[in-house]
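Working notes, beginning with the structure itself.
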Amino acid sequence: MGIIAALSAFTFSSCTKTVTETKYITIRDTTVVQPPAIYTELTGSLPTQALDASKKYLIVGTVFIDAGATVTIPAGTKLFGQKSTKGTLVVKPGGKIIADGTASSPIIFTSNQDKGAREQGDWGGVLLLGKANVNQNSPSIEGITPAVTYGTFQSSANDNDNSGILRYVRIEYAGIALTPNNETNGLTMGAVGNGTTIDYVQVSYGGDDSYEWFGGTVACSHLIAFGGWDDDFDTDFGFSGKVQYAVGIRDPFNADQSGSNGFESDNDASGSTSTPKTAAVFSNVTLLGPVYDSAKASFSGNYLHALHLRRNTELSLFNSVIVGYPIGLNLDGTLANYTGGNAVLDNNILVCPGVKGKGARPFFNGAAADANVATYWKTTKSNQVFTLNNPQATSGSLVYSKTFADAGIEPTLLMGFNTVAGVSGGTYPQNPNLALFSGATQSGAAFTDAKLSSWFNTTTTFKGAFGSNDWTDVWANFNTQNLTY
């Protein structure tokens, strides 16, 4: 008989402990003990501490970084959200997370499920909460118990608030429902101030929105939203920060029944005039939607708009490339905010390929108002729009036409999701070449509008997120289903 070694767990503190898993293999009546896989559990409220990149951390239940505490996560650290306890990391207002990875050693937050079995919504994600301006009185994040409020109501006193650093970070398979119909996002930012650094972050396979901002003033750059369930970029409650260089890539067969969009933006749920207005400024965004290839022309009917700007939002978008959604732009009751100059959509390229049996619908605002949206997009500002010449050609399937080449859209970037496996099969290239754009996308960026402050890189000449440099190389990964972490 073999001898079974007993391994026991030991405790570091009230909120971290190491657990060991011992696996046995029986060979010809001999039991062999494999080396244990060691996980350090994170539970409860974390004190100020530095984690160890040589360890694997398990986020058990809702874990808090409280006000006054700073948790430092070294480059290369891997943290796993426990599915059974809906593991979620919440940085409270006044708390700090210093997750400063590198291109060669990104920090990875992912599912604790085995490779091949990971799914959207396996765990809760990262919630970063601060003290900056919001247009709601003491808002709290749904599903978090006990409730955590964030932000300063209608006051800019804390707009420079610093919640820490997220740089070269991947967040995968997050977005679990903490309570019924209250899903978290991959990265939730509530009233995060502009003293915070958010740069080079990839959210993949999220169970709700990839990114959602509730108020705040944080400036973010180099964001990837990949294979998300609901919206790529969602802004609400008076978010007035900035974003430059962001890309959203969709799986055509995974979308939310509520309707999935590239952008969804509200001032608040009621569309009130509460201040500060949701008036974020985005530049150099590339959205690659679900309508993408004549051989795989079908897609989820839950996909809706590239840009759904509604409920009194004043979000502005510049120098961006938007392709492949059933509806391009919907100024849902907000047209006056744009024609009146409070918000601006300028110097963008919209490619609306059309939907089988329905043709192309680049603009929507309800019946006759579609033409007014089109007039604003095409004549009031320096935006462009391309549609397919015949979206019902080739026996009813969608096809690319010269208009895509004219717009500089590289069709192979929109392919790669297997029609059967989709997200679960992980068939998208691990490292797609995102520097293939050409033509109209590679020149003409303009930063003369007053909304484009000095924070933006005004020397950029290309439209969309990419010129000749693919900034997703090395640190990002677009096929993580079968990775061994």
Determine whether the range 302-321 contains at least one residue that is among the β-branched types (Val, Ile, Thr), without any contact (Cβ under 8 Å) to a residue 60 or more places away in the chain and crowded, with 21+ Cβ neighbours inside 10 Å.
-> no
Would you pick out the residues in the range 76-124 that are under 19 Å from the mean Cα position of the chain (by Cα) and within 21 Å of ASP161 (Cβ to Cβ)?
-> LEU89, VAL90, VAL91, ILE97, ALA99, ASP100
Identify, please: which residue in the range 210-242 is in contact with a Cys (Cβ under 9 Å, 6 or more places away or on another chain) and aromatic (Phe, Trp, Tyr) and is, among those, nearest to TRP123 (Cα to Cα)?
-> TYR211
Considering only the range 51-73, state which residues are within 22 Å of ALA476 (Cβ to Cβ) and out of contact with any strand residue (DSSP E or B) (no Cβ under 7 Å at 6 or more places or on another chain).
-> ALA53
Can you tell me how many residues in the range 248-289 are of a type in the set (A, V, I, L, M, F, W, C), crowded, with 24+ Cβ neighbours inside 10 Å and either in contact with a Pro (Cβ under 8 Å, 6 or more places away or on another chain) or part of a loop (DSSP other than H, G, I, E, B) (or both)?
-> 1
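Yes/no matrix, rows are residues, columns are (1) surrounded by fewer than 24 Cβ atoms within 10 Å (Cβ to Cβ); (2) at pLDDT 95 or above; (3) farther than 30 Å from ARG118 by Cα; (4) of a type in the set (S, T, N, Q):
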residue: GLY151; (1), (2), (3), (4): no, yes, yes, no
residue: SER155; (1), (2), (3), (4): yes, yes, yes, yes
residue: ASN160; (1), (2), (3), (4): yes, yes, yes, yes
residue: HIS222; (1), (2), (3), (4): yes, yes, no, no
Of all the residues that make up the range 119-140, how many are surrounded by fewer than 24 Cβ atoms within 10 Å (Cβ to Cβ) and within 26 Å of THR484 (Cβ to Cβ)?
-> 2
Applying the selection to the range 311-339, what residues are of a type in the set (Ser, Thr, Tyr) and part of a loop (DSSP other than H, G, I, E, B)?
-> THR313, SER320, TYR325, THR334
Has the range 340-356 got at least one residue that is in a strand (DSSP E or B) and modelled with pLDDT of 95 or more?
-> yes
Return the pairs, sorted by first residue and then second, in which the second residue is loosely packed, with under 14 Cβ neighbours inside 10 Å and not charged (D, E, K, R), the first residue lies in the range 430-445 and is at negative phi, the beta carbons are less than 6 Å apart, and the residues are 6+ apart or on different chains.
-> ALA435/SER468; SER443/THR461; ALA445/THR461
From SER111, SER84, residue being of a type in the set (Ser, Thr, Tyr), surrounded by fewer than 16 Cβ atoms within 10 Å (Cβ to Cβ) and either within 29 Å of ALA255 (Cβ to Cβ) or in contact with a Lys or Arg (Cβ under 7 Å, 6 or more places away or on another chain) (or both) | SER84
Here are some conditions: (1) of a type in the set (Gly, Ala, Ser); (2) buried (at least 24 other Cβ atoms within 10 Å of the Cβ); (3) at positive phi. GLY186 meets all but one. Which one does it not meet?
-> (3)
Which number in (1) outside any strand (DSSP E or B); (2) of a type in the set (Gly, Ala, Ser); (3) within 23 Å of the chain's Cα centre (by Cα) marks the one condition that ALA306 misses?
-> (1)
For the range 235-259, pairs from a residue that is on the phi > 0 side of the Ramachandran plot to a residue that is acidic (Asp, Glu) and crowded, with 22+ Cβ neighbours inside 10 Å, with Cβ under 7 Å and 6 or more apart or across chains, are PHE237/ASP268
Inside the range 34-53, can you point out the residues that are under 18 Å from ILE107 (Cα atoms), at pLDDT 95 or above, of a type outside the set (D, E, K, R) and out of contact with any Gly (no Cβ under 9 Å at 6 or more places or on another chain)?
-> THR40, GLN49, ALA50, LEU51
The range 438-485, subset surrounded by fewer than 16 Cβ atoms within 10 Å (Cβ to Cβ), under 26 Å from VAL169 (Cα atoms) and of a type in the set (A, V, I, L, M, F, W, C), residue modelled with the lowest pLDDT | LEU483
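The values are calculated or read from the model by the stated rules, or taken from the named source; none is laboratory data. Fair warning: this is a prediction, and the values are worked out from it, not measured in the lab. Heads up, the Cβs are rebuilt from the backbone with ideal geometry, glycines too, and the neighbour counts pull from every protein chain shown.
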